[in-house]
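Undergrad: Would you mind keeping the following structure in view while I ask a few things?
The values are calculated or read from the model by the stated rules, or taken from the named source; none is laboratory data. Keep in mind that this is a model prediction, so the values were computed, not measured. Neighbour counts are summed over all protein chains in view; Cβ atoms, including those assigned to glycine, are modelled from backbone coordinates with ideal geometry. Accessible surface is based on the protein model in full, side chains and every heavy atom, while ligands, DNA and RNA are left aside. Shrake-Rupley method; radii C 1.70, N 1.55, O 1.52, S 1.80 Å.
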Amino acid sequence: MKIKRYMAASMRVALAQVRAEQGPDAVILSSRRVEEGIEVIAAVDYDEALFIHAARPRAAATAADLAQPQQQPQPQPRQQPQPQLQPQLQPQPKAVSPTAGRAPAAAAAERKMDRDAVRSAASMPALTDATRSGFASMQRELKDLRALLESELANISWHDKRLREPLKARVLEELSAMDIAPDVASALAAHTPRRTNLENPSHIPLALLVKHLPVVDRLSTVNAGVIAVVGPTGAGKTTTIAKLAARWSMQHGSRDLALVSTDAYRIGAREQLMTYARILGAPMHAANSGKELARVLERLKSKRLILIDTAGMGPRDVRLTEQLGALQLGAARASVLLALPAQGEGHALEEIIRAFARVSPAACILTKVDEAASLGAVISTTLRHKLRIAYVCDGQRVPEDLHPAHQRRVWLVRAALKLKEHAPPRGTGYYARNFGRARAHA
């Protein structure tokens with residue numbers, strides 16, 4: 001553990017010196033005001049066990065020793081001269097008390113000392129527990145103090161940023177109001193120009209989102225061959241398959257189109273897809289395993305577009321690995337599109353991305369955009385993972401509610417901006433906590 005004393009004109013300057021020399025893990029042990037300003041004692045590599053060991057009374061060992069009864073030398077009985085010619089049986093000597101031969105007052109004092117030592121030794125564990133509890137309480141207080149100081153520094157840093165970089169701070173506020181995640185908002189705000197000629201600077205966040213939103217510009221890369229749509233339960237995969245099939249039929253006819261279902265779990269899933277296939281006049285096949293899927297695709301290899309509808313399973317479903325493994329085995333060359341529900345929360349969307357990363361989706365389809373209360377989470381997820389958006393679905397109509405993402409880029413951003421009007425405003429603490437701490441720890 002390294003302890004150092006700092007002197008500064010103010011607490012803010014002193015804390016800055018502590019962070020600069022000892023880093024963000026430093027612990028403030030004490031602070032007080034002196035004639036020169038503020039005196040701060042800080043430590044790094046804080047070790048609670050070391051403090052407890054140092055504070056443990058040295059009398060513990062002494063008390064333990066006193067608890068053991070003193071072994072006094074046994075006085076030897078005087079041997080009386082024995083007659084040589086008349087041996088007699090001598091009585092055995094009686095056990096001699098350790099206090100024998102001493103003054104009564106001294107013996108009583110020693111016995112009291114022994115009793116006190118035993119009581120002291122017996123109370124030592126309680127004293128140690130109390131000391132440990134005291135240090136734990138002190139550590140909690142130091143952590144609370146540190147959190148309070150960090151919060152104050154973050155507020156100071158955020159206000160300082162608003163003064164030094166007002167345009168960037170405004171971009172962060174606008175993006176946060178659209179529910180864009182703090183890490184994504186910071187990455188986008190880094191591209192903010194220092195000056196602008198725009199009469200309305202509020203257009204800058206929209207321009208940054210439109211520019212950096214990952215979309216598929218050429219749908220031909222994900223609109224031919226074998227296409228598999230994967231995603232969690234309730235993401236709207238079957239309806240999306242029907243929209244893709246109907247869109248293809250309107251442009252190319254249904255002769256070179258085929259539908260395949262691997263969903264043997266959800267009741268009525270194949271019947272629903274079969275209904276769409278009959279309406280479009282396209283064949284529909286079922287496959288219950290990876291080997292069956294491979295055989296079906298071999299029979300359909302002359303088709304220009306084969307759409308595979310997979311079973312919807314949650315990211316934590318134990319059967320998901322088996323399902324994705326069958327897809328990889330039976331359709332190794334398929335392009336995978338991930339159905340990403342736009343109304344999902346940020347942590348849930350992250351879990352979906354991680355669960356289906358095994359099949360390496362080429363792009364995603366944003367589904368149920370019309371049901372979302374905020375689009376910030378799904379936009380943040382696609383930006384964070386650089387997952388390109390191929391299509392946007394904003395309704396149940398087939399195929400009218402399926403839109404190419406590169407044609408709806410601005411529309412999607414404006415929809416996110418419109419939804420922010422219904423969101424509660426962010427407080428100053430949110431901006432300080434998410435955008436002020438980075439500078440405070442620098």
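Undergrad: Look through the range 316-336, keep the residues that are under 23 Å from residue 347 (Cβ atoms) and of a type in the set (S, T, N, Q), and return whichever of them is surrounded by the most Cβ atoms within 10 Å (Cβ to Cβ).
TA: Residue satisfying both the conditions and the ranking: 323.
Undergrad: Can you name the condition, by its number, that residue 191 falls short on among (1) open to solvent by 40 Å² or more (accessible area, probe 1.4 Å); (2) closer than 30 Å to residue 301 by Cβ?
TA: Result: residue 191 fails condition (2) only.
Undergrad: Answer with yes or no whether residue 303 is open to solvent by less than 50 Å² (accessible area, probe 1.4 Å), modelled with pLDDT of 90 or more, of a type in the set (D, E, K, R) and over 21 Å from residue 358 (Cα atoms).
TA: Working: open to solvent by less than 50 Å² (accessible area, probe 1.4 Å): no; modelled with pLDDT of 90 or more: yes; of a type in the set (D, E, K, R): yes; over 21 Å from residue 358 (Cα atoms): yes.
No; evaluated as a whole, the condition is false for this residue.
Undergrad: Does any residue in the range 7-33 that is over 17 Å from residue 142 (Cα atoms) and part of a strand (DSSP E or B) come within less than 8 Å, Cβ to Cβ, of a residue that is of a type in the set (S, T, N, Q) and modelled with pLDDT of 80 or more six or more places away or on a different chain, and which pairs are these?
TA: 8/17
Undergrad: Failed condition for residue 298, given (1) among the charged types (D, E, K, R); (2) without any contact (Cβ under 8 Å) to a residue 60 or more places away in the chain; (3) buried (at least 19 other Cβ atoms within 10 Å of the Cβ), with all others met?
TA: Failing condition for residue 298: (3).
Undergrad: Could I ask something else about it? Does residue 332 satisfy being over 39 Å from the mean Cα position of the chain (by Cα) and either farther than 24 Å from residue 358 by Cβ or not charged (D, E, K, R) (or both)?
TA: Working: over 39 Å from the mean Cα position of the chain (by Cα): no; either farther than 24 Å from residue 358 by Cβ or not charged (D, E, K, R) (or both): yes.
No.
Undergrad: Is it the case that some residue within the range 242-264 is under 30 Å from residue 420 (Cβ atoms) and open to solvent by less than 60 Å² (accessible area, probe 1.4 Å)?
TA: Step one: list which residues in the range 242-264 are under 30 Å from residue 420 (Cβ atoms), which gives 243.
From the residues that got through so far, the ones that are open to solvent by less than 60 Å² (accessible area, probe 1.4 Å) too are 243.
Scanning the range 242-264 turns up at least one residue that is under 30 Å from residue 420 (Cβ atoms) and open to solvent by less than 60 Å² (accessible area, probe 1.4 Å).
Undergrad: To continue, here is another question. I need every pair where a residue in the range 247-261 that is among the hydroxyl-bearing types (Ser, Thr, Tyr) has its Cβ under 6 Å from the Cβ of a residue that is part of a strand (DSSP E or B), sequence separation at least 6 or different chains.
TA: Matching pairs, first to second residue: 261/286; 261/309.
Undergrad: Sort out which residues of the range 20-64 are acidic (Asp, Glu) and at pLDDT 60 or above, and write them in order of number. Spell out how you get there, then give the answer.
TA: Our first condition is that a residue be acidic (Asp, Glu); within the range 20-64, this holds for 21, 25, 35-36, 39, 45, 47-48.
Once the filter is applied, which keeps residues that are acidic (Asp, Glu) and at pLDDT 60 or above, the range 20-64 yields 21, 25, 35, 36, 39, 45.
Undergrad: Right, here's the next one. Conditions: (1) out of contact with any Gly (no Cβ under 8 Å at 6 or more places or on another chain); (2) open to solvent by 50 Å² or more (accessible area, probe 1.4 Å). Residue 342 meets all but one. Number of the miss?
TA: The one condition residue 342 does not meet is (2).
Undergrad: Taking the residues in the range 397-411 that are in contact (Cβ under 8 Å) with a residue 24 or more places away in the chain, in a helix (DSSP H, G or I) and not charged (D, E, K, R) as candidates, determine which candidate is nearest to residue 352 (Cα to Cα). Working first, answer last.
TA: Taking the range 397-411 and keeping what is in contact (Cβ under 8 Å) with a residue 24 or more places away in the chain, we get 398-399, 401-402, 404-406, 409-410.
Now narrow it down to the ones that are in a helix (DSSP H, G or I): 405-406, 409-410.
Then keep just the ones that are not charged (D, E, K, R); that gives 405-406, 410.
Details: 405: 20, 406: 23, 410: 25 Å.
Filtering first and then ranking leaves 405.
Undergrad: Filter the range 262-286 for residues that are among the small types (Gly, Ala, Ser) and at pLDDT below 85 and give the result.
TA: Looking only at the range 262-286, we keep the residues that are among the small types (Gly, Ala, Ser), and these are 264, 268-269, 277, 281-282, 286.
Correct list: 264, 268, 269.
Undergrad: Let me ask another. In the list 414, 354, 358, which residue meets the criterion of being in contact (Cβ under 8 Å) with a residue 12 or more places away in the chain, farther than 14 Å from residue 231 by Cβ and of a type in the set (Lys, Arg)? Spell out how you get there, then give the answer.
TA: Numbers: 354 fails: farther than 14 Å from residue 231 by Cβ; 358 fails: farther than 14 Å from residue 231 by Cβ.
It is 414.
Undergrad: Scan the range 317-339 and report the pairs whose first residue is of a type outside the set (Val, Ile, Thr) and whose second residue is open to solvent by 70 Å² or more (accessible area, probe 1.4 Å), with Cβ atoms within less than 7 Å and a gap of 6+ or a chain change.
TA: What qualifies is 324/358; 330/291.
Undergrad: How many residues does the range 353-368 hold that are open to solvent by 10 Å² or more (accessible area, probe 1.4 Å) and either hydrophobic (A, V, I, L, M, F, W, C) or more than 16 Å from residue 395 (Cα to Cα) (or both)?
TA: Residues of the range 353-368 that are open to solvent by 10 Å² or more (accessible area, probe 1.4 Å), as a first pass: 353-355, 357-362, 368.
Those left that are additionally either hydrophobic (A, V, I, L, M, F, W, C) or more than 16 Å from residue 395 (Cα to Cα) (or both): 353-355, 357-362.
Within the range 353-368, residues that are open to solvent by 10 Å² or more (accessible area, probe 1.4 Å) and either hydrophobic (A, V, I, L, M, F, W, C) or more than 16 Å from residue 395 (Cα to Cα) (or both) number 9.
Undergrad: Any residue that is on the phi < 0 side of the Ramachandran plot, part of a helix (DSSP H, G or I) and buried (at least 20 other Cβ atoms within 10 Å of the Cβ) - is there at least one of those in the range 388-396?
TA: Checked against the condition, which is being on the phi < 0 side of the Ramachandran plot, part of a helix (DSSP H, G or I) and buried (at least 20 other Cβ atoms within 10 Å of the Cβ), the range 388-396 yields no hits at all.
Undergrad: Residue 348 fails exactly one of the following numbered conditions: (1) within 22 Å of the chain's Cα centre (by Cα); (2) at pLDDT below 90; (3) not charged (D, E, K, R). What is the number of that condition?
TA: In the conditions (1) within 22 Å of the chain's Cα centre (by Cα); (2) at pLDDT below 90; (3) not charged (D, E, K, R), residue 348 misses (2) alone.
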